[in-house]
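Data block below; observations after.
The values are calculated or read from the model by the stated rules, or taken from the named source; none is laboratory data. Just so it is clear, the structure is predicted and the values come from calculations on it, not from any experiment. Don't worry about glycine lacking a Cβ; one is built from the backbone with ideal geometry, like all the others, and counts go over all protein chains shown. Ligands, DNA and RNA are stripped out before the accessible areas are found, and what is left, the full protein with its side chains, is counted by its heavy atoms. Shrake-Rupley method; radii C 1.70, N 1.55, O 1.52, S 1.80 Å.
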Amino acid sequence: MKIIELYGGEVPLLSLEIFPPKADYPLDTVFETLDHLIDLNPGFISVTYGAGGSNQARTVEIAARIKKEYGIESLAHLTCVRHTRAEVDGILDELIKEEINNILALRGDLPEDDPNFDINQQEYRYAFELIKDIHKKAEFGIAAAAYPNGHTECLRLKDDLINLKHKVDCGVDFLITQFFFDNRIYYDFMDKITSIQINCPVVPGIMPVLNARQIKRMLYLSGASIPGKLLKLLDKYGDDPANMEKAGIEYASSQVQDLIANKVPGIHLYTMNKYRQITEIVKNVGLA
Ligand code: FAD
């Protein structure tokens, strides 16, 4: 089944992102988390993919087991940078074999630690090229990434929107956003993208801030900005992990509540493989 068919109900569709455990950790640790997360009855679960690195086979295996063992649709992330077309073709064969019907088609981040890396020497430079290849290969449901704060590499937000429009026009069913901490940024983004006729569902991605240390790296990677309200919580509870976690759960819950009140098509939670805190948020907002 294509995931796009699940959108459009009365209640926003809940979806969850998990990541495969590192190569030296047993694969089963993620299934211990999933055993709890499935109680939240998500519409689908997405599984991240390590761009150009380790763990890639694990994405396919976990996505396949989510479907077979839990009967829940899975969305396999797939990044194309540093892959050849032949490699991507092989991964698509694997997905077909495992009966995974939905892909989050991504470019992947450019490597920071390789001074010789040249994007122009790559077989894939942008996600839209991957999307075209997936369509040529088979009937997959395709999602892609969107950045309400603008993608970090793009110098002008306007260009980022033009690139997004082109990507969607290559055949994207729905978009999932990078996380943001101020819902006004998402609402403003929606106004801009509807004005350029991007009409597919744009599902807000929410990342709960559960500890103060995690936030710096998150901001760096995502290009998200931090509103004063959240900064205040970080100042107050930065050295108090228990209360920081409590405040982070409350903050994410109120973000989600506001999004639901504003009729978003779905809520995508970046779980960071933490089921207890995610369960609390989902229950707080009445989605479980
Ligand atoms: P693209 O859509 O290709 O965009 C990348 C940049 O290129 C943007 O600045 C865009 O404006 C620009 N661009 C696009 N098209 C053109 C064009 N035609 N001409 C000029 N410029 C252009 N990373 C992982 O490694 N693994 C994951 O599992 C993963 N999951 C993610 C899930 C979500 C929901 C999101 C939001 C991000 C995820 N990422 C993941 C991060 C993502 O790979 C990076 O943000 C990456 O840098 C961009 O990927 P993209 O698919 O958005 O790229």
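Which one is farthest from the ligand (Cβ to nearest atom) among residues in segment 173-197 that are among the β-branched types (Val, Ile, Thr) and closer than 26 Å to Ala252 by Cβ? For segment 173-197, the residue satisfying everything is Thr194. Could you check Arg125 against (1) open to solvent by less than 40 Å² (accessible area, probe 1.4 Å); (2) in contact (Cβ under 8 Å) with a residue 12 or more places away in the chain and say which number it fails? Single failed check for Arg125: (1).
Just one of the listed residues (Asn199, Asn163, Asn183) is polar (S, T, N, Q) and in contact with a helix residue (DSSP H, G or I) (Cβ under 6 Å, 6 or more places away or on another chain), namely Asn183.
For segment 198-221, indicate whether the set of residues that are open to solvent by 40 Å² or more (accessible area, probe 1.4 Å) and near the ligand (Cβ under 10 Å from one of its atoms) is non-empty. Yes, because at least one residue in segment 198-221 is open to solvent by 40 Å² or more (accessible area, probe 1.4 Å) and near the ligand (Cβ under 10 Å from one of its atoms). Annotation: Asp159 fulfils all but one of (1) in contact (Cβ under 8 Å) with a residue 12 or more places away in the chain; (2) within 10 Å of the ligand (Cβ to nearest atom); the unmet one is (1). Looking at the structure I just gave you, is Val47 of a type in the set (Val, Ile, Thr), surrounded by 17 or more Cβ atoms within 10 Å (Cβ to Cβ), farther than 24 Å from Phe128 by Cβ and in contact with a Pro (Cβ under 8 Å, 6 or more places away or on another chain)? Here the answer is no, as Val47 does not meet what is asked. Considering segment 24-46 alone, what residues qualify as being closer than 15 Å to Ala57 by Cα and out of contact with any helix residue (DSSP H, G or I) (no Cβ under 8 Å at 6 or more places or on another chain)? If the condition is that a residue be closer than 15 Å to Ala57 by Cα and out of contact with any helix residue (DSSP H, G or I) (no Cβ under 8 Å at 6 or more places or on another chain), then Asp24, Tyr25, Pro26, Asp28, Ser46 are the ones that fit. Looking only at segment 126-150, residues that are within 27 Å of Met207 (Cβ to Cβ) and either within 11 Å of the ligand (Cβ to nearest atom) or in contact with a Lys or Arg (Cβ under 7 Å, 6 or more places away or on another chain) (or both) come to 14 in all. Within segment 55-90, which residues are open to solvent by 10 Å² or more (accessible area, probe 1.4 Å) and within 13 Å of the ligand (Cβ to nearest atom)? Asn55, Gln56, Arg58, Val60, His77, Arg82, His83, listed by residue number.
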